[in-house]
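Remarks on the structure that follows.
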2 protein chains.
Amino acid sequence: MKPIGVFDSGVGGLTVVKELIRQLPYEDIVYFGDTARVPYGIKSKETVIRFSIENILFLLKHEVKFICVACNTVSSFALPEIKNHFRVPIVGVITPGAREAVYATRNKRVGVIGTKGTIKSCAYEDEIKQFDPKVKVTAVACPLFVPFVEEGWLTGNVVTTVAKQYLKPFQETGVDTVILGCTHYPLLKNVISEVLGKNVTLIDSAKQVAIEVNKILSNEGLLNERGKGKPACRLGRHDFFVSDNPEWFSNLAERFLGEPVKNVKKVSNV
Amino acid sequence: MKPIGVFDSGVGGLTVVKELIRQLPYEDIVYFGDTARVPYGIKSKETVIRFSIENILFLLKHEVKFICVACNTVSSFALPEIKNHFRVPIVGVITPGAREAVYATRNKRVGVIGTKGTIKSCAYEDEIKQFDPKVKVTAVACPLFVPFVEEGWLTGNVVTTVAKQYLKPFQETGVDTVILGCTHYPLLKNVISEVLGKNVTLIDSAKQVAIEVNKILSNEGLLNERGKGKPACRLGRHDFFVSDNPEWFSNLAERFLGEPVKNVKKVSNV
């Protein structure tokens, strides 16, 4: 009956929450967005690990049964290290996304887009090679995509021109599958798809990680079964905490979650 | 003989350092960039004040004689509060920029561009009204300009299209003077000038704050006079500290400072 803990550097992790709510409607969720120190994508491994540990300690105060790292940069940089530190099961977005891409590709050429940190870490590449060493990976950082999404530039000439420039290497290497390796990128799906063409499959890590969470909770007997067999069941409770600027978070949240977020609480995580 | 302390959320403050070096070549400078928590422009007043106090405490460890806040967001949000806390003289970028704009405008219509935080604070507007209540101010946030500069998109269609959209209100209100109210913006001077037309005067706060620092140090008898009257004098020493990612800082630094920055040291300011 305990909640699932989810954290991200800011608001992007809400695309993961959206999928968790869709696939696990009876689970309680505690979300933490580190908006005082957002973004993580340009920061060093050492710093991202330090911030992540502080975020997890905050979630543990809420007695979470499971932690979902809803941030590609953290999953790339910090996951092995933070998994070692804590007893609570922790899942990131890299493995589920990589697995799905290897499953989806027909020509064994996969593209990855993400923040500078995620791309520099080679985390997706390493994980894909674990699943299938024959898959060739092309990885490209798209640092302007996050500001575009946060500023609401989701369509139009500007974002299309930038996308064309960023995604050029994929056309050269002929990938048939591209991982959206940042929780903001699903909001640019239309533009990315338009630039890459219909034959390229886009892998949304958010969707894949929710499937993974569902599977693990189910295997470990940790699913919240309050809704089971009841005709009118209570849906899960969702609590949102941030380290700064709850209004900014609330305003952006609807874009990512598909519904408004009220009662965002500002807390200190350090 | 003590150094001048300069701080910013990241790398943008180097445009101020560039002017300080040009105008005060004999002064030693200690620069701190809070790259672990950059950017400040989207964060709350309370958080920006907390970060600024931590940055100043770091600079005070280096026995600075004077502190220059080379960040418009901090100057807008935190200056009155931090001036109250500390004995060391502190100067921000708002007053010098506002004074120069009031001096430069002929039609008493001034524009201001800056981060969301700077614009929301109305700091430039309030300061301009202090100098001349008759001046009409139009203020516009340009949140994509910082990512453009940091990613090196300084010219071309993309940045021009965005600039045209952001700067539209100025053409409607007919301003003849625009304050570049963010330390990153001088790098987009060409594009901004192209969009606004040659008749609009651009005010670079970095230049103005260096003039102010020079004046105050001179009045207070705090100028470093080691170079005075000597034929081959030693120029000032410049030390650069960051809270994260010294390589990222070094790589970007040349774009802002006009010369490479070596030996950037990573330190903790909290």
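Residues that are in contact with an Asp or Glu (Cβ under 8 Å, 6 or more places away or on another chain), open to solvent by less than 40 Å² (accessible area, probe 1.4 Å), under 28 Å from B:TRP248 (Cα atoms) and not in a strand (DSSP E or B) do not occur anywhere in segment B:145-153. Looking across A:PHE131, A:PHE170, A:PHE148, one residue alone is farther than 22 Å from A:ASN107 by Cα and assigned by TED's automatic domain parsing to the domain that holds A:ALA98. It is A:PHE148.
Of these, B:GLU54, B:GLU46, which one is without any contact (Cβ under 8 Å) to a residue 12 or more places away in the chain, within 14 Å of chain A (Cβ to nearest Cβ) and open to solvent by 10 Å² or more (accessible area, probe 1.4 Å)?
From the options B:GLU54, B:GLU46, the qualifying one is B:GLU46.
Does A:LEU235 satisfy the criteria of being touching a Pro at 6+ places or on another chain (Cβ under 9 Å), open to solvent by 30 Å² or more (accessible area, probe 1.4 Å) and at negative phi? For A:LEU235, the condition - touching a Pro at 6+ places or on another chain (Cβ under 9 Å), open to solvent by 30 Å² or more (accessible area, probe 1.4 Å) and at negative phi - is met.
When every residue of segment B:184-205 is checked against the conditions, at least one turns out to be more than 14 Å from chain A (Cβ to nearest Cβ), β-branched (Val, Ile, Thr), farther than 21 Å from B:LEU14 by Cβ and under 21 Å from the mean Cα position of the chain (by Cα). Being at pLDDT 95 or above, of a type in the set (S, T, N, Q) and in a loop (DSSP other than H, G, I, E, B) holds for only one residue in A:THR47, A:THR35, and it is A:THR35.
Table: residues versus (1) modelled with pLDDT of 95 or more; (2) within 14 Å of another protein chain (Cβ to nearest Cβ).
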residue: B:VAL209; (1), (2): yes, no
residue: B:GLY229; (1), (2): no, no
residue: B:ARG234; (1), (2): no, no
residue: B:PHE241; (1), (2): yes, no
residue: B:TRP248; (1), (2): no, yes
residue: B:GLY258; (1), (2): no, no
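When we screen A:GLY97, A:GLY111 for residues that are under 16 Å from the mean Cα position of the chain (by Cα) and open to solvent by less than 20 Å² (accessible area, probe 1.4 Å), the only hit is A:GLY97. Considering every residue within segment A:56-78, establish whether at least one is within 23 Å of A:GLU247 (Cβ to Cβ), among the aliphatic types (A, V, I, L, M) and touching a Lys or Arg at 6+ places or on another chain (Cβ under 7 Å). So far as segment A:56-78 goes, no, none of its residues is within 23 Å of A:GLU247 (Cβ to Cβ), among the aliphatic types (A, V, I, L, M) and touching a Lys or Arg at 6+ places or on another chain (Cβ under 7 Å). The set of residues in segment A:1-11 that are modelled with pLDDT of 95 or more and either within 14 Å of another protein chain (Cβ to nearest Cβ) or open to solvent by 10 Å² or more (accessible area, probe 1.4 Å) (or both) comprises A:LYS2, A:PRO3, A:SER9, A:GLY10, A:VAL11. With respect to the stated conditions, A:SER218 is away from chain B (no Cβ under 14 Å) and either within 18 Å of the chain's Cα centre (by Cα) or assigned to a helix (DSSP H, G or I) (or both). What number of residues within segment A:57-75 are touching a helix residue (DSSP H, G or I) at 6+ places or on another chain (Cβ under 9 Å) and either surrounded by fewer than 17 Cβ atoms within 10 Å (Cβ to Cβ) or among the aromatic types (Phe, Trp, Tyr) (or both)? Residues meeting the conditions: 1. Apart from one condition, B:ALA78 fits all of (1) in contact (Cβ under 8 Å) with a residue 40 or more places away in the chain; (2) surrounded by 20 or more Cβ atoms within 10 Å (Cβ to Cβ); (3) more than 12 Å from chain A (Cβ to nearest Cβ); the exception is (1).
Only residues that are more than 11 Å from chain B (Cβ to nearest Cβ), within 15 Å of A:ILE113 (Cβ to Cβ) and touching a residue at least 24 places away in the same chain (Cβ under 8 Å) were counted across segment A:137-171, and they come to 9.
Put simply, of B:LYS168, B:LYS164, B:LYS129 the only residue that is part of a helix (DSSP H, G or I) and under 19 Å from B:SER205 (Cβ atoms) is B:LYS129.
Within segment B:20-43, track down each residue that is basic (Lys, Arg) and either open to solvent by 10 Å² or more (accessible area, probe 1.4 Å) or away from chain A (no Cβ under 12 Å) (or both).
B:ARG22, B:ARG37
Filter segment B:172-196 down to the residues that are part of a helix (DSSP H, G or I) and either open to solvent by less than 10 Å² (accessible area, probe 1.4 Å) or touching a helix residue (DSSP H, G or I) at 6+ places or on another chain (Cβ under 9 Å) (or both) and list them by number. Matches in segment B:172-196: B:TYR185, B:PRO186, B:LEU187, B:LEU188, B:VAL191, B:ILE192, B:GLU194, B:VAL195, B:LEU196.
The values are calculated or read from the model by the stated rules, or taken from the named source; none is laboratory data. Everything numeric here is computed off the predicted structure, so don't read it as measured data. No Cβ is skipped: glycine too gets one built from the backbone with ideal geometry, and neighbour counts run over all protein chains shown. The area values use the complete protein model at the heavy-atom level, side chains included, leaving out ligands, DNA and RNA. Shrake-Rupley method; radii C 1.70, N 1.55, O 1.52, S 1.80 Å.
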